[in-house]
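Just so it is clear, none of the values below were taken in a lab; they were calculated from the coordinates. None of the values given here were measured: they were computed from a predicted structure. Using ideal geometry, Cβ is built from the backbone for each residue, glycine included, and neighbour counts are taken over all protein chains shown.
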Amino acid sequence: MKRSTMVLALGLAAVSAGVQANAVVGQTAPAFSVTDSRGKTVSLADFKGKHVVLEWVNPGCPFVQKHYNSGNLPGTQQRATAQGVVWLAVSSTARSASDYRPPAELEAWLKSKQAAPSATLMDDEGKLGRAYGARTTPHLYLIDPTGKLIYAGAIDSKPTANPADIASAVNYVNQALGEALAGKPVSQATTTAYGCTIKYAS
Amino acid sequence: MSLFRKFLCWLALAGLAPAALALGGSVVTTEQVRAELVAQAPEGVQPGKPLWLGLLIRHQPHWHTYWKNPGDSGLPTALSWELPAGVSAGEIQWPVPQRLPVGPLVNYGYEGDLLLPVALTVGPEFKSETLVAKLRADWLVCKEVCIPESGEFTLKLPVAAATAPQAALFERSRVAQPRVLAEARAEAKLDEAGLQLSLEGLPADWQGKTLQAFPEEAGVFDHAGAQPQRWEGGRLLLTLPISAQRSESPGQLALVLRQDGSEREQGGLRLAYAVANWPALPGAAPAPALQPAEPAAPASGGSSTLVALLLAFAGGLLLNLMPCVFPVLSLKVLGFTQHAGERRVLLAGGLAYTAGVVLSFLALAGLLLALRSGGAQLGWGFQLQSPLFVSGLALLFGLIGLNLLGVFEIRAVLPGNLAGARAANPVLDHGLTGVLAVLVASPCTAPFMGAALGAALTLPAVEALAIFAALGLGMAAPYLAASLWPGLARALPRPGVWMKHFKILMAFPMFATVLWLLWVLGQQVGIDGAVALLGLLLALALAAWVYGAQDLKPRGRAVLGGIALAVLAATALWAWPALREAPPASAVQAESGSGWQPWSADKVAQAQAEGRTVLVDFTAAWCVTCQFNKRGALADAQLLADLQARKVLLLRADWTRRDAAISQELNRLGRSGVPVYAVYAPGASTPRLLPEILSVSLLREALAL
């Protein structure tokens, strides 16, 4: 009995599962309106005419730590925002998860890492994450000034937790931003994101 | 575990019994797992005897590690071995994984007790009383949070004694491996809903049951999506949803299946399948830029095409000197001296021959281009990947050799009307000679010019065809020149008795070619196939003699001819299955003791991720340049030792038989023929390609030794 219940639950999970990814590279990015860590509402529509980066973050994840403790992601953010790019850090971790960080704490942590996102979005319900099909922390997306999604995937080409690999990896986000800002098409528009599972609210 | 505690542990074991030291694997314990390196060597450590090592991971409740495709997140466990010379480790034999749903996401991995076994190959170079195996393992262990962990393990195995303390564990892990069933087949089709798979030949007791499918590719599928499936008779129709953010377009894929709700120990099935026509990825990069393989690559497009055409022409000229072509053509050209007067006949013959050669090359190249645009993974030399084609060529060369020896005359063998047609229509005869010349030249074009022609195939169709036409023109040029200027023909030595000797002498290069084709066939289908072909050659020689012998009485010919034909037919029947048989275990595996391992794209990526440089030798038995390099620069003992010291991973991609994965990688590198030598530096997305002729100093320079 117990076993069959479990199988049923698994089956239901399989049917109802699936992050409803509406976001397809090459098409218009899903619109959103989310409250940020300071209580302000941030909408994608606010940034028409600018490049926008979405970065899923969770300070408790070793893959996020790899790119923050090494200065890789903060550096990428600083370079991007210095060129007029809007960088939105997103937390889709459920409030019930053990590594959930309340807004002030998350902001303080980012600050301690010299991170420089334009805003930090609190997607506690997971709506934004599900709309974009975000699976891991980190998971990165780039939207062009016309609102088209032009990159989705990993921060770089080496799926490991070892900070020593950053030096020899290709930073896909830098690459995509460099190409997009130079008016060129993004050469690697989709890559496989790696990292910790996002703990979505059920 | 601290070093000191590890040391104490060793000390305790050593104090108990020396044998226990050999058996006791080293253990790493964290809060989440207990990991242990274990061994299974029931017959000791000997070449050819089973030898397995394995990482035994006992997870704390609810913690898990990952499968080779971790699913929506996570990382596969990675093993990096340090083994003595002569011993090499294979890949992890992953047991069937389980689905690990995390909210709306799904991972593939393992909970509970898990053994990841790896087969070891021991070569004759390994000489020691103990095998010391060192392992560095990296795994990501997750429950709600994830923790990357690693451990270093050392295990000493006595060579002479059996080691099998965990035999039951290895046996259970063997059963939990996905099996490959010869009769199980998968066909795939892409549509709006995803990848539609039609699976046949699944185990009978699976019929009507719900199955779980685990794709081995990480960046293709929507792992959390539902997998609609229904049985239609003995066939399972299964849909795998494609990820909206797919990042890969693999040509060769594989799937592991298990029954829903089954235990890991019930194992599962692995099925490989192909998907040819992926829609282009958004903003997909153009073909990766390659570093020029040849130092003197001309810069501008127009002149490089011209240079390529000239080179092709020169290559065609050279083909006339190849052992497969020279005997036929030299005799044909010498024959001109007998018709030196009839200028018009000569000219028409020369032009017909040229047309025959050029059109044959164009037809072959056109066929190849058409097949490739249809998604087939073929390259130049593809003809020689077919054992039947190789056999056919060997028989043809055998016959030509016998003809040159004077065993039979074509006229005597051909049916009267056909011989008559040939005699009455010399132009057609010359044209057909051209076709024959291209056919007999093919075992030389592929081995000597495979890479160049392969590169030509990746050009736009018109340019590719122009290059093949130039090659044909070059090949036909000497013949055409001799027919255009009879003065040239007159400059050739006068015909005489020497021609008869020359003709017989020319039979020997022909037989040498047969010898070589036999060796290629042996690589493809094994010794049985090679001997079957020898049998066919023997029977054919008998038949050729019976029908060609001038002085045989009609009655004798009829009797002997009947016998010869019967022998030929019987031999052909006997030989047929051997020539089509499934290939024997890869030759590369047998020589893995030399430090070379069979190639796979995963191994390259994994080694790069570990910071190792990889040297890949794309080779084939029928490729002479490849064999020259393999036995020359690539076999240099000092070089191999230095490569091993630098931990350069040596991989050999054997293209002797058709292999879509290798063809695809060659395509990616902008080549479609072998040899190709590629150096993958850690972190570089495109490898550096080396020239086709290798030298030790060149390799040292390229690998910075």
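Remarks
- Separation of alpha-carbon centers, region A:39-71 and region B:64-104, rounded to whole Å: 30
- When B:Ile662, A:Ile150, B:Ile92 are arranged by Cβ crowding within 10 Å, least crowded first, meaning fewest neighbours, the order is B:Ile92, A:Ile150, B:Ile662.
- Applied to region A:164-181, the Karplus parametrisation 6.51 cos²θ - 1.76 cosθ + 1.60 on θ = phi - 60° returns per-residue 3J(HN,Hα) values of 5, 7, 4, 4, 9, 8, 8, 7, 4, 6, 4, 4, 5, 5, x, 5, 5, 5 Hz, with x for Gly and Pro.
- Full extension of the chain between B:Gln550 and B:Ala161 yields a length gain of 133.0 nm, computed as 0.36 nm times the residue separation minus the alpha carbon distance.
- Per-residue average of Cβ from other chains inside 10 Å of B:100-112: 5
- Förster-model FRET efficiency, 51 Å R0, B:Arg179 and A:Ala164, C-beta, rounded to 0.05: 0.85
- Reachable aspartates and glutamates, given that their alpha-carbon falls under 16 Å from the alpha-carbon of B:Lys189 and they are not under 8 places away in the same chain: B:Glu200
- Each of B:Ala204 and B:Ala660 was given a label point 7 Å from its Cα along the Cα-to-Cβ line. The distance between the two points is 3.0 nm.
- Region B:3-176: C-alpha gyration tensor shape, a/c 1.5 cut-off, then a/b vs b/c: prolate
- Residue order for A:Glu105, B:Glu232, fewest other beta carbons within 10 angstrom first, comes to B:Glu232, A:Glu105.
- Estimated inter-spin distance, B:Lys49 and B:Ala684, nm [label 7 Å along Cα→Cβ]: 4.3
- Length-normalised contact order for region B:587-702 - Cα pairs under 8 Å, 6+ apart - percent: 35
- Extension gain from B:Leu317 to B:Glu144, taking 0.36 nm per residue of separation minus the Cα-Cα distance: 55.4 nm
- Of all DSSP beta bridges confined to region B:587-702, the antiparallel ones make up roughly 45%.
- Using C-alpha pairs below 8 Å separated by at least 6 residues, the relative contact order for chain A is 27 percent.
- Exposed trypsin sites (Lys or Arg not before Pro) absent - longest run of chain A, DSSP non-H/G/I/E/B, at most 12 other C-beta within 10 Å: A:96-202
- FRET efficiency estimate (nearest 0.05) - Cβ-Cβ, A:Ser202 to A:Thr146, R0 35 angstrom: 0.50
- Whole-Hz ³J(HN,Hα) from phi, Karplus 6.51 cos²θ - 1.76 cosθ + 1.60, for region B:99-110, glycine and proline x: 6, 10, x, 10, x, x, 10, 9, 10, 10, x, 9
- Judged by the mean number of other Cβ atoms found within 10 Å, the most tightly packed of the peptides B:551-558, B:476-483 leads the ranking B:476-483, B:551-558.
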